[in-house]
Each structure stands twice: as C-alpha cells, then as structure tokens.
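> Below are the structure tokens for one structure; questions will follow.
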Amino acid sequence: MDSPTQNTSLQRLQNVEKRIVKVLELTGGVMDELANPTGPRKELINNHCREFMKMIKDIQVTLRDEIKSACEYRTFEKCDYSSRVSNDICCKKLQYVLSQLDAMKQTIDEYQATI
C-alpha cells in the first residue's frame with residue numbers, strides 16, 4: 001500500500017497510476033509467456049498472477065479510500081451562504097406579510113370611516 005509520507009490525494013493517485021502501469025506490464029509478461037513456443041513456465045505465470053492480484057487489491061483499496069475521502073469533503077462546510085439566503089427570503093416574506101397587513105388595516109380604517 002502507500003507509504004506514510006504520501007499525504008496528498010494527488011500523490012496517492014499518482015502512485016495508483018504507476019501500479020496500474022506495473023499491472024499492465026505483468027499482464028503483458030503473462031501473455032508473452034503463454035505465447036512461448038516451448039510452452040509456458042507454470043511457476044513464472046503463478047508468480048505474475050499472484051503479484052497481479054495483490055496489486056489489483058491495493059489499487060482497489062486506495063481508490064476506494066480516495067473516493068470515500070472525496071465524498072466526505074465539503075467545500076462549503078463552514079460557509080453561511082445558504083443560511084444567509086434563507087434569512088433574506090424570510091425577511092422578504094415578512095415584509096410582504098407586513099405590507100398585506102398594512103393594506104388590510106387601511107381597508108378596515110376606510111370601512112369604519114364610512115360607517
């Protein structure tokens with residue numbers, strides 16, 4: 001897996017990229033061995049396959065951790081934008097209600113003046 005000195009996501013993803021290249025090289029080595037005219041060497045293929053599976057598992061774990069980390073990251077976690085907008089909307093609604101109440105009071109006053 002990754003060494004403790006790799007602390008940034010970019011470094012971990014670059015390491016994954018290098019491991020993917022190594023996995024492809026292993027795959028190519030197995031294909032070459034299978035195409036060997038004298039026949040494939042079983043021990044070499046077993047070693048390559050074992051290393052392949054270990055590297056795939058490490059890649060999956062690292063990518064899973066990076067995806068989980070990215071999902072937990074909240075860019076605007078401490079931002080008060082949504083609460084300010086909500087507050088502004090409430091103020092506008094309150095102003096509208098007050099204007100309606102003022103209009104109702106004016107109508108009532110006009111009605112009482114005619115009586």
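To keep it simple, each residue is scored yes or no on (1) surrounded by 11 or more Cβ atoms within 10 Å (Cβ to Cβ); (2) in a helix (DSSP H, G or I); (3) touching a residue at least 40 places away in the same chain (Cβ under 8 Å); (4) among the hydroxyl-bearing types (Ser, Thr, Tyr).
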position	(1), (2), (3), (4)
LYS18	no, yes, no, no
LYS22	yes, yes, no, no
VAL30	yes, yes, no, no
GLU33	yes, yes, no, no
GLY39	no, no, no, no
MET55	yes, yes, no, no
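> So, one more: State which residue pairs qualify: first residue assigned to a helix (DSSP H, G or I) and inside segment 96-112, second residue loosely packed, with under 10 Cβ neighbours inside 10 Å and of a type outside the set (Phe, Trp, Tyr) in any location, beta carbons under 9 Å apart, and separation of 6 or more residues or different chains.
That search, which allows pairs on different chains as well, returns nothing.
Taken together, the values in this text are just the output of simple stated rules run on the coordinates, not laboratory data. Quick caveat, the model's predicted, so the values are computed rather than measured. So basically every Cβ, Gly included, is an ideal-geometry build from the backbone, and we count neighbours across all protein chains shown.
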